[in-house]
Amino acid sequence: MQDMTALRAAVTPASVPSPEPVRVGLLGLGTVGSGVVRLLAENRDAIERRVGRRIELGPVVVRDPNRARSVQVPRDMLTTDAGAVLDDPSVRIVVEVMGGVHPALEYILRALRSGKAVVTANKDVIAEHGQRVFAAADAGGADVFFEAAVAGGIPIIRSLKESLAGNRIRRLAGILNGTTNYILTRMEREGVNLDQAVAEAQRLGYAEADPSADVEGWDAARKLAILASIAFSSRFLPRHVYREGIGAVSHRDIAHGERMGWSLKLLAIAEHVEEGVRLRVHPAFVPRQHPLASVHDTFNAIYVQGDAVGDAMFYGRGAGSLPTASAVVGDLMEAVRFIDRGGKGLSCTCVYRIPALSMAGSASRFYVRLEVKDRPGVLAQIAGVLGRAGVNIESVLQSPVGEDQAELVLVTHRVAEERMARALRGLRRLESVERVAAAFRVAPEDL
Ligand code: NAP
Ligand code: HSE
């Protein structure tokens, strides 16, 4: 093994070139903010040598300066006054890691308009108000970076904006929410039900006290809107994303999927088809041999299909203090480089207006689980409803549940959304169908 210390000494200048520090103001010192402070302290030498500048942490804005912190920050640096960062001309870069839309949005706009570079991890602001943020950046001649807003430590934003920019991206398919992926992993591995898995995710600090943004797919939808806007160079908003969460998933569905060689994931899919771009977040069965099926626990992954690169997969930690700080600090270093070069980084890359498509016109294979009365003729009634709606059945499995009840698991051939919706309405109307317990899509065959 090489002596890395000797090697580093041989290629690194003896001292950091510029003695003039860049002053950075921090908005928020929670999970991510603490990680940023820790990373800047622990890797200070490497970070400063790589950018050729000292980085000086300025005021840190919090809600409660007296709260116990996981990192040591001098008490006199903590303030509740955002003006201490936003109105101080010596602060060149603002790191916004406080979260929420208000007042974070207003602080970001104010910083950019006054010419300060902004690094943010705020997916809510970027997904809903990206256009205003970019306009403010252009107005102030400033840069805005948001690598941490999607998939935590995974470098997907810059990869799409720069390294893959020469491609026509056909599709992105990702696991963009670590909390739900953890919940589904626990249900698959331990056979626990949804409520138990959610409670466990809360106990471990992955899910919020109100886990609805994760469980109902809002968090993934916001992240998908951001990725799709970059991948297809056209602005998409969270409201353009068709969304179903994991609230209806039962461990029975996961077990049936396993038997069929599938793993159930909350997939976020953005596809460019002839008529436009279709964005969707919903549970989907993924064949076990597909790389996305091997993404477990709180990990995230994004599978990119481009015309030149082919298939590429990005995998890593989508959340957490240091993984997210890794993306924030990388952006911070890029901001310092742009300040030093006197240039400006990439601003908004939405140069097209591509229509956002609804789910109508899309087709999938479906997995359907029914709880039915166990008596003669029921299967024929169900087949009749499906047949009249134009749904072609690929397989059926029936198992007894109790004395006069049965569980039917159907897998359909690829069928248009409208036809499947009509079939499900018809099944719910049948007296012999006690419950349509689940209806999940199977991931596209060409994924
Ligand atoms: P957090 O732990 O709740 O920390 C938020 C921080 O901001 C706290 O220090 C809080 O002050 C401060 N703050 C909140 N509202 C404020 C206000 N109105 N005025 C002044 N200070 C305020 O949040 P987080 O988990 O670090 O997340 C921060 C951002 O990163 C969010 O946009 C989130 O979506 C994003 N993100 C988080 C993760 C993750 O793993 N956590 C991953 C990717 C992206 P106090 O400490 O005094 O309460
Ligand atoms: N709540 C998010 C997740 C982390 O579970 O992936 C922050 O983006």
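The table for this structure:
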| quantity | calculated |
| --- | --- |
| Cα-projected label distance for Ser114 with Arg288, points at 7 Å along beta-carbon direction, nm | 5.8 nm |
| Inter-label distance for His413 and Asp76, nm, one decimal - labels placed 7 Å from Cα along Cα-to-Cβ | 7.7 nm |
| Distance between modelled label sites at Gln405 and Ala68, nm, 7 Å Cα→Cβ extension | 4.8 nm |
| DSSP loop GluC sites (Glu not before Pro) with at most 12 other Cβ within 10 Å excluded, longest remaining stretch of the chain | 1-273 |
| Within a Gaussian network of the chain (alpha carbon springs, distance under 10 Å), most fluctuating of Leu26, Leu264, Leu164 | Leu164 |
| Dipole moment magnitude, nearest 20 debye, the chain about Cα centre, only Lys, Arg, Asp, Glu C-beta charged | 680 debye |
| About the Cα centre, charge dipole magnitude for segment 196-277 (Lys/Arg +1, Asp/Glu -1 at Cβ), debye | 80 debye |
| Cβ-Cβ FRET estimate between Lys161 and Arg203, R0 fixed at 41 Å, reported to 0.05 | 0.65 |
| The chain: angle of helix 321-341 to the longest principal axis, Cα-based, in degrees nearest 10 | 50 degrees |
| Å³ per residue enclosed by the Cα convex hull of segment 332-447 | 174 Å³ |
| Listed pairs Lys116/Lys223; Lys161/Lys265; Lys223/Lys344; Lys123/Lys161 exceeding 21 Å between Cα atoms | Lys116/Lys223; Lys161/Lys265; Lys223/Lys344 |
| All aspartates and glutamates inside 12 Å of Lys373 as judged from Cα atoms, apart from same-chain residues fewer than 8 positions distant | Glu403, Asp404, Glu407, Glu431, Glu434 |
| Proxy reagent accessibility, fewest Cβ within 10 Å first, across Trp218, Trp262 | Trp218, Trp262 |
| Which of Phe299, Phe145, Phe314 has the fewest Cβ neighbours within 10 Å, and the rest in rising order | Phe314, Phe299, Phe145 |
| Prolate/oblate/rounded call for segment 256-337, Cα gyration tensor, a/c under 1.5 rounded | oblate |
| Per-residue ³J(HN,Hα) for segment 379-386, Karplus 6.51 cos²θ - 1.76 cosθ + 1.60, θ = phi - 60°, Hz, x for Gly and Pro | 4, 5, 4, 5, 4, x, 4, 5 |
| Among Gly402, Ala423, Ala437 - extreme Cα towards positive end, dipole of segment 358-447, charges at beta-carbon | Ala423 |
| Rounded to 10°, Cα long-axis angle of helix 417-429 versus longest principal axis of the chain | 50 degrees |
| With Cα atoms, 0 to 90° folded angle of helix 178-190 axis to the chain main axis | 40 degrees |
| Cut-off under 5 Å, modelled amide H: who pairs with Glu56 long-range | Val22, Arg23, Val24 |
| Shape of segment 158-249, Cα gyration tensor, a/c cut at 1.5 | prolate |
| Net charge over other residues, Cβ less than 12 angstrom from the Cβ of Ala220 (K, R count +1; D, E count -1) | +2 |
| Descending Cα extents along the principal axes, the chain, whole Å | 85, 51, 46 |
| Debye intensity ratio I(q)/I(0), log10, segment 294-385, q values 0.12, 0.16, 0.17 Å⁻¹ (C-alpha model) | -0.82, -1.10, -1.15 |
| Among Ser395, Ser362, Ser233, residue whose mean-square fluctuation peaks in a GNM of the chain (springs only between Cα atoms under 10 Å) | Ser395 |
| Exposure proxy ranking, count of Cβ atoms within 10 Å, fewest first, for Met98, Met333 | Met333, Met98 |
| Choice from Ala46, Ala121, Ala149 showing the highest fluctuation, given a GNM over the chain with Cα pairs closer than 10 Å | Ala46 |
| q = 0.14, 0.26 Å⁻¹, segment 316-364: log10 I(q)/I(0) [Debye, one scatterer per Cα] | -0.69, -0.94 |
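Every number here is computed from the coordinates shown, using simple stated rules; none is lab data. Everything quoted here is computed from the prediction, not taken from an experiment. Cβ coordinates were reconstructed from backbone atoms using ideal geometry, including for glycine residues, and neighbour counts include every protein chain displayed.
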